[in-house]
Amino acid sequence: MAIKQSEAIVLRSYPLREADLLVTLLTRTDGKVRGVARAAKKSKRRFGGALEPLTYVRAYWDDREGHELARLDSCEVLESPLASQVSYPRAVALGHVAELLDELLPDREANDAVFRLALSVLAGLRGSDVWLPLTYFELWMTRLMGYLPELSECMACGKTLNGSRAYFHALVDGLMCAEDKRLASSEISSESRAVAVQIFRTPLANIQGGEWAKTRAADLRKFLLQTLQRHIEKKLVTAGMLERISN
């Protein structure tokens, strides 16, 4: 079978036998592809540092008939997150992006919008600010996966929420007004809802306002993570790690 090739983002790589790696790629042409990189730990010519998570590569592989896993032939590094200093917050943020992409995307379904989003967020994570790129990524992923409810009206009564208080609950899709909120609900501020509107109107690279503190739009990120985790029916490992970052 002919070798396939595509731009790709490495999501995960795991040891498999003595020198092989089991690799998950998000490819532009074929979506999420899982494959085996034979002798990857020994072959600097074919792989080098190309299989580090969140490395942007050109990947070459072939799909073997009757096999669930592809055979990864080689990768060329187009851009590496290791090209600049990786602080702990940045490492956790990169891991969060990889985990969400892996958990949310089905195998072998190309999604160019998600691929372009991932590239823009990886570019945004080159610096020290992690909270703006993460907010941008979580909001757009929730929307692109079809999980984002209407943010301007109460899901219970249909009341317009613009300018009024709004609440969300871990077990409910959507926002609620003060009259319809459930016990143990959390409030999402009008400022954070305005941030969501700005994100949908503005490319990540063009959003102004300086470096974001962790507290900025924290309620929006909490709402988005609850929504995403409810749909994938599991807790994200990196969500807890992000909570422990101090600023």
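The values are calculated or read from the model by the stated rules, or taken from the named source; none is laboratory data. All figures in this text were calculated on a predicted structure; none of them were measured in a lab. Here the Cβ is made from the backbone with ideal geometry for all residues, glycine too, and neighbour counts use every protein chain on show. These accessible areas exclude ligands, DNA and RNA; they are computed on the full protein's heavy atoms, side chains included. Shrake-Rupley method; radii C 1.70, N 1.55, O 1.52, S 1.80 Å.
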With 10 Å bins from 0: P(r) over the chain, alpha-carbon pairs, percent: 7, 29, 32, 19, 9, 3, 0
Förster radius 30 Å - calculated FRET efficiency between residue 245 and residue 2 (Cβ-Cβ, nearest 0.05): 0.10
Charged-residue dipole, Cβ positions (Lys, Arg, Asp, Glu), the chain about Cα centre, Debye nearest 20: 560 debye
On Cα atoms only, tilt of 131-144 relative to the major axis of the chain in degrees: 90 degrees
For the stretch 88-101, 3J(HN,Hα) per residue [Karplus equation, 6.51 cos²θ - 1.76 cosθ + 1.60, θ = phi - 60°, Hz, x = Gly/Pro]: 4, x, 5, 4, 5, 4, 4, x, 5, 4, 5, 5, 5, 4
Cα gyration tensor of the stretch 81-142 - equivalent ellipsoid semi-axes, whole Å, descending: 21, 12, 11
Rounded tilt (10° steps) of 112-124 against the dominant C-alpha axis of the chain: 80 degrees
Simple label model, 7 Å out from Cα along Cβ direction - residue 45 to residue 211, nm: 4.4 nm
Cα→Cβ-extended label distance, 7 Å offset, between residue 119 and residue 76, nm: 1.5 nm
Distance (nanometres) between label positions extended 7 Å along Cα→Cβ at residue 107 and residue 62: 2.0 nm
Positive-end extreme of charge dipole, the chain - chosen from 242, 88, 226 (charges on Cβ): 88
R0 of 35 Å, Cβ-Cβ distance residue 14-residue 143: FRET efficiency to nearest 0.05: 0.70
Segment residue 87-residue 231, length gained on full extension (0.36 nm per residue, minus Cα span): 48.8 nm
Fluctuation leader among 109, 52, 18 - the chain, Gaussian network, Cα springs under 10 angstrom: 18
Net dipole in debye of the stretch 150-247 [+1 Lys, Arg Cβ; -1 Asp, Glu Cβ; about Cα centre; nearest 20]: 260 debye
Acute angle (nearest 10 degrees) that the helix 218-232 long axis makes with the longest principal axis of the chain, alpha-carbon atoms: 60 degrees
Amide hydrogen neighbours beyond the local backbone of residue 16, cut-off 5 Å, H modeled: 21, 22
Value at 222 nm in deg cm²/dmol, rounded to 500, when DSSP H runs of n ≥ 4 in the chain each add -39,500 (n - 2.57): -10000 deg cm²/dmol
Accessible area (Å², 1.4 Å probe, nearest 10) - residue 24: 10 Å²
Normalised contact order of the chain, rounded percent, pairs of Cα under 8 Å and 6 or more residues apart: 15 percent
³J(HN,Hα), Karplus 6.51/-1.76/1.60, whole Hz, each residue of the stretch 61-69, x for Gly, Pro: 8, 9, 9, 8, 4, x, 10, 6, 9
